[in-house]
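Below is one structure, written out as structure tokens, with a few remarks after it.
The values are calculated or read from the model by the stated rules, or taken from the named source; none is laboratory data. Since this is a predicted model, take the numbers as computed values, not measurements. Ideal geometry is used to build each Cβ from the backbone, glycine not excepted, and the neighbour counts take in all protein chains shown. Just so you know, the surface numbers come from the protein's heavy atoms only, side chains and all, with ligands and any DNA or RNA stripped out. Shrake-Rupley method; radii C 1.70, N 1.55, O 1.52, S 1.80 Å.
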Amino acid sequence: MCLAIPGQITKIKTCQATVKYPQNDIKQAKIITGSYKTGDYVIVQAGLVIEKVPKKQVEMWNKFIQ
Amino acid sequence: MSQQAQLLFLKYAFPCAGITLARGHICQKEYDKLERAVKKNQLIDWQTLQKIFAPAFRRIKKMSCLTGQNIFDAQTIRDYYLKYHNKFIDENEGSYKYAPPALKQLCRVERAKIIDVQSDCYIVKIGQKLRPVSKMICLNAKVGDWVSVHYGYAVEKLK
């Protein structure tokens with residue numbers, strides 16, 4: 001299942017990221033490749049962090065989904 | 001109307017169903033049905049596919065006006081996704097006009113080389129960038145194979 005909205009990384013422990021979504025929904029996702037840090041907005045699919053979303057585009061993304 | 005084309009269309013179109021779901025154009029039940037079908041190679045009738053993926057069909061029809069191809073043919077579907085789909089994104093056709101660049105990047109269909117096979121994904125190289133992609137739709141690719149990638153999914157092995 002793909003989460004089609006950007007979530008924000010709140011914690012990274014080894015390769016495991018904690019990702020926060022609106023309504024305080026929290027998901028765990030694995031970082032396989034790429035460099036991510038706390039605060040980054042990301043797209044998660046099937047438990048994997050697949051892409052970073054620049055902060056400036058998050059609002060546009062959420063608007064697109066609405 | 002070949003069944004092969006139906007299956008291939010679903011493989012290429014399914015990766016954007018997550019966005020279709022998030023935008024409220026389909027419900028969770030419809031999404032789950034599509035996911036089940038794509039996993040098990042089950043047929044979904046053209047009428048349903050055309051309703052759910054209306055923008056993709058509109059673009060395939062536009063392409064077929066130029067090329068004269070039958071839109072219900074597997075090679076037409078493949079040609080659309082590999083040769084024309086990204087052009088529509090680049091031209092900001094339809095709702096791409098309102099999509100952020102990062103989303104449009106994921107919406108592109110790319111040719112990618114598999115550099116690693118892990119238990120839950122393939123690691124592919126697209127240009128200079130590495131990306132993890134789901135194995136769900138294209139199960140039996142090996143390191144060195146070229147696959148098409150749409151959103152976070154490997155779609156099919158390419159020759």
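Some points to look at:
- Among the residues listed as B:L8, B:L43, B:L34, the single one being surrounded by fewer than 20 Cβ atoms within 10 Å (Cβ to Cβ), touching a residue at least 12 places away in the same chain (Cβ under 8 Å) and under 22 Å from B:S134 (Cα atoms): B:L43
- Qualifying residue in the range B:73-89 (condition: more than 14 Å from B:Y12 (Cβ to Cβ) and in contact with an Asp or Glu (Cβ under 9 Å, 6 or more places away or on another chain)): yes
- Condition check for A:I5: in a strand (DSSP E or B), more than 9 Å from chain B (Cβ to nearest Cβ), open to solvent by 40 Å² or more (accessible area, probe 1.4 Å) and closer than 27 Å to B:K135 by Cβ: no
- Scanning the range B:95-111 for residues that are more than 8 Å from chain A (Cβ to nearest Cβ) and within 17 Å of the chain's Cα centre (by Cα) yields B:Y96, B:K104, B:C107, B:R108, B:V109, B:E110, B:R111.
- Verdict on A:I32 being within 11 Å of another protein chain (Cβ to nearest Cβ) and over 10 Å from the mean Cα position of the chain (by Cα): yes
- Cβ pairs under 7 Å, 6+ apart, first in the range B:101-127 and charged (D, E, K, R), second surrounded by fewer than 18 Cβ atoms within 10 Å (Cβ to Cβ) and assigned to a helix (DSSP H, G or I): B:K104/B:Y96; B:R108/B:N86
- Matching residues in the range A:13-66 - criterion: being at negative phi, assigned to a loop (DSSP other than H, G, I, E, B) and at pLDDT 95 or above: A:I31, A:Y36, A:K37, A:T38, A:D40, A:P54
- Hits in the range A:21-35 - residues which are surrounded by fewer than 16 Cβ atoms within 10 Å (Cβ to Cβ) and not β-branched (V, I, T): A:Y21, A:P22, A:Q23, A:N24, A:D25, A:K27, A:Q28, A:G34, A:S35
- Only a single item in (1) at pLDDT 95 or above; (2) within 14 Å of chain A (Cβ to nearest Cβ) is not met by B:C16, and it is number (1).
- Residues satisfying the stated conditions in the range B:49-71, i.e. buried (at least 16 other Cβ atoms within 10 Å of the Cβ) and either in contact (Cβ under 8 Å) with a residue 60 or more places away in the chain or among the β-branched types (V, I, T) (or both): B:I52, B:I60, B:I71
- Flag for A:T10 being assigned to a strand (DSSP E or B), open to solvent by less than 40 Å² (accessible area, probe 1.4 Å) and of a type in the set (S, T, Y): no
- So B:D79, is it touching a residue at least 12 places away in the same chain (Cβ under 8 Å), at negative phi and open to solvent by 50 Å² or more (accessible area, probe 1.4 Å): no
- Flag: B:C121 matches the condition of being within 24 Å of A:G7 (Cβ to Cβ) and touching a Leu at 6+ places or on another chain (Cβ under 9 Å).
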